[in-house]
Amino acid sequence: QAHMVESGGGQVQTGGSLTLSCASSPNEYSFGAMGWYRQAPDKQRDLVALITRTGSPTYADSVSGRFTVSRDNDKETVYLQMHKLKPDDTAVYYCYAKGLYSRTDYWGKGTLVTVSS
């Protein structure tokens, strides 16, 4: 079974940038849609961005124009470039991937992003 592993979280000041990445372990699976969700304290998990295997992205309104989702199909890896970060972006960010053939939903354990004012 695939396990999604995120990296790149951390603490940054308002206006700063971070890039998250996520790949499966073991890296022998193929995925359809991949992307990111986030969950702030005492809130539900919400979509941040998704990207299809052919490269079509979808963004939450709150991050559109500031975040960019991309993927490398050869590495089955998804990235999230985050710019102009705000304190409201503080959350645990979860990687998501749907198995290309199994259609199984895979989740990472999450990586914390903290934006200080």
Q: Mind listing whichever residues of region 41-70 are under 16 Å from L112 (Cα atoms) and among the β-branched types (V, I, T)?
A: V48
Q: For T14, indicate whether it is loosely packed, with under 14 Cβ neighbours inside 10 Å and touching a helix residue (DSSP H, G or I) at 6+ places or on another chain (Cβ under 9 Å).
A: yes
Q. Pairs, please: C-beta under 6 Å, at least 6 apart or cross-chain, first residue in contact (Cβ under 8 Å) with a residue 12 or more places away in the chain and in region 47-59, second part of a loop (DSSP other than H, G, I, E, B) and surrounded by fewer than 20 Cβ atoms within 10 Å (Cβ to Cβ)?
A. L47/A60; V48/A60
Q: Take region 24-39 and flag every residue that is open to solvent by 30 Å² or more (accessible area, probe 1.4 Å) and within 17 Å of L50 (Cα to Cα).
A: S30, A33, Y37, R38, Q39
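Can G35 be described as assigned to a strand (DSSP E or B) and in contact (Cβ under 8 Å) with a residue 60 or more places away in the chain?
Taking the combined requirement at face value, the residue satisfies it.
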Q) Which one is farthest from S17 (Cα to Cα), of the residues in region 97-117 that are open to solvent by less than 70 Å² (accessible area, probe 1.4 Å) and either touching a helix residue (DSSP H, G or I) at 6+ places or on another chain (Cβ under 6 Å) or of a type in the set (V, I, T) (or both)? A) T104
Q: Sort out which residues of region 38-60 are touching a Leu at 6+ places or on another chain (Cβ under 8 Å) and not basic (K, R), and write them in order of number.
A: V48, A49, P57, T58, A60
(Q) Considering only residues that are open to solvent by less than 40 Å² (accessible area, probe 1.4 Å) and either part of a loop (DSSP other than H, G, I, E, B) or closer than 16 Å to V113 by Cα (or both), which ones fall in region 1-11? (A) A2, E6, G8, G9, G10
Q | Filtered residues of region 74-96 (kept if out of contact with any Asp or Glu (no Cβ under 9 Å at 6 or more places or on another chain), open to solvent by 10 Å² or more (accessible area, probe 1.4 Å) and at pLDDT 95 or above) | A | T77, Q81, H83, K84, K86, P87, D88, T90, V92
Q) Out of (1) surrounded by 18 or more Cβ atoms within 10 Å (Cβ to Cβ); (2) touching a His at 6+ places or on another chain (Cβ under 8 Å); (3) farther than 20 Å from G99 by Cα; (4) in contact (Cβ under 8 Å) with a residue 24 or more places away in the chain, what's the single condition that is false for F67? A) (4)
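The values are calculated or read from the model by the stated rules, or taken from the named source; none is laboratory data. Note that this is a predicted model, so its numbers are computed, not measured. All Cβ positions, even for glycine, are placed from backbone atoms using ideal geometry, and neighbour counts span all protein chains on display. Quick note on the areas: whole protein, heavy atoms, side chains included, nothing else; ligands and nucleic acids left out. Shrake-Rupley method; radii C 1.70, N 1.55, O 1.52, S 1.80 Å.
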